[in-house]
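The values are calculated or read from the model by the stated rules, or taken from the named source; none is laboratory data. The model shown is predicted, which means the values in this text are computed figures rather than measured ones. Neighbour counts are summed over all protein chains in view; Cβ atoms, including those assigned to glycine, are modelled from backbone coordinates with ideal geometry. The protein model used for the area step is the full one, side chains on, heavy atoms only, and it has no ligands, DNA or RNA in it. Shrake-Rupley method; radii C 1.70, N 1.55, O 1.52, S 1.80 Å.
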Amino acid sequence: MILDVAVDIRPRSATFGQHIKIELSAENWYQLWIPEGFAHGFKTLKPDTHVMYKASNYYSPDHDRGIAWNDPDLGIDWQLYGQQAVVSEKDSRQPLLSDLDPDALGPMGRTPPNHDFTPLNLNRANVTVLSANPS
């Protein structure tokens with residue numbers, strides 16, 4: 001079981017810096033598709049949680065980027081309830097989103113100025129969640 005979070009990091013997006021979060025588990029069979037231009041992070045909610053995910057391309061260290069999981073401007077409630085987060089050394093060194101130049105965000109930061117992004121409604125009630133439950 002995990003708390004899955006996606007943050008819109010498309011600089012020209014009307015929802016830039018906003019996030020959604022949802023619980024995913026073997027019990028609810030939910031899956032979350034995170035489009036290009038969104039940062040992704042998760043918190044395990046049970047010990048020994050296994051997380052499987054698919055990516056649109058092979059891992060490339062040259063393109064590995066991140067933002068601070070606890071960036072106060074993002075306002076993500078990680079539901080720590082007084083517990084200390086266990087974060088990798090790499091993830092603990094990530095910059096705040098506001099400290100990044102749009103070019104540091106990769107291709108979505110260099111979108112042509114006339115590209116019209118359709119604003120996403122990031123209200124929890126409107127999140128599209130796919131279910132793989134065979135029943």
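Miscellaneous remarks
- Looking only at residues of region 1-16 that are more than 10 Å from the chain's Cα centre (by Cα) and over 18 Å from Y81 (Cβ atoms), we find that the one that is most open to solvent (accessible area, probe 1.4 Å) is R12.
- Residues satisfying the stated conditions in region 54-71, i.e. under 19 Å from H19 (Cα atoms) and either in contact with a Cys (Cβ under 6 Å, 6 or more places away or on another chain) or not polar (S, T, N, Q) (or both): R65, G66, I67, A68, W69, D71
- Residue list for region 17-47, restricted to those being open to solvent by less than 30 Å² (accessible area, probe 1.4 Å), touching a residue at least 60 places away in the same chain (Cβ under 8 Å) and closer than 19 Å to W78 by Cα: G17, I20, I22
- So P11, is it of a type outside the set (D, E) and touching a Pro at 6+ places or on another chain (Cβ under 6 Å): yes
- Within region 65-86, being under 18 Å from I9 (Cβ atoms) and either free of Cβ contacts under 8 Å to residues at least 60 places away in the same chain or open to solvent by 50 Å² or more (accessible area, probe 1.4 Å) (or both) holds for R65, G66, A68, W69, N70, D71, P72, D73, G75.
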